[in-house]
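Okay, structure first, notes after.
The numbers here are math on the coordinates, done by the rules we state, and not lab data. Since the structure is predicted, the reported quantities are computational estimates derived from the model, not experimental observations. Cβ sites come from the backbone with ideal geometry, for glycine too, and all protein chains shown count toward neighbours.
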Ligand code: FES
């Protein structure tokens with residue numbers, strides 16, 4: 001099972017076992033310090049916003065236009081911003097490091 005490195009909103013880093021074949025959001029929303037993911041992955045709420053570590057950005061497929069448009073509306077949008085409901089966890093992403101974005 002691959003590991004996700006998650007930095008919470010207090011700056012603490014956690015090693016979290018992540019299931020392959022499901023969205024990263026599914027793992028993050030089970031954590032006490034995780035995300036709300038209110039829309040359940042429909043790419044409409046942005047409560048699953050994370051920042052992907054720059055060393056990993058090129059290993060993840062680029063966002064589709066609907067994700068990109070939603071991200072760009074966010075107050076805390078910056079380089080590395082992604083919606084975790086749009087990223088598939090795979091064994092190749094073992095060690096992927098993401099930071100949970102502040103609440104909007
Ligand atoms: S869970 Fe709502 S946009 Fe990702």
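Sorted ascending by nearby beta carbons within 10 Å, beginning with the fewest, 19, 97 become 19, 97.
If you wrap a convex hull around the C-alpha atoms of the stretch 41-95 and split its volume per residue, what is the figure in Å³?
Dividing the Cα hull volume of the stretch 41-95 by its residues yields 80 Å³.
How long are the semi-axes of the equivalent ellipsoid of the chain, defined as square roots of 5 times the Cα gyration tensor eigenvalues? Whole Å, largest first.
18, 15, 13
Determine the gain in length on full extension of the stretch residue 9-residue 22; use 0.36 nm per residue of separation and subtract their C-alpha separation, reporting nm with one decimal. Write down the numbers at each step before the final one.
On the way: separation 13, 0.36 × 13 = 4.68 nm, distance 2.32 nm.
Taking 0.36 nm per residue and subtracting the Cα distance, the gain is 2.4 nm.
Over the stretch 1-62, all Cα pairs binned in 10 Å intervals from 0 give whole-percent P(r) values of 20, 54, 26, listed from short to long.
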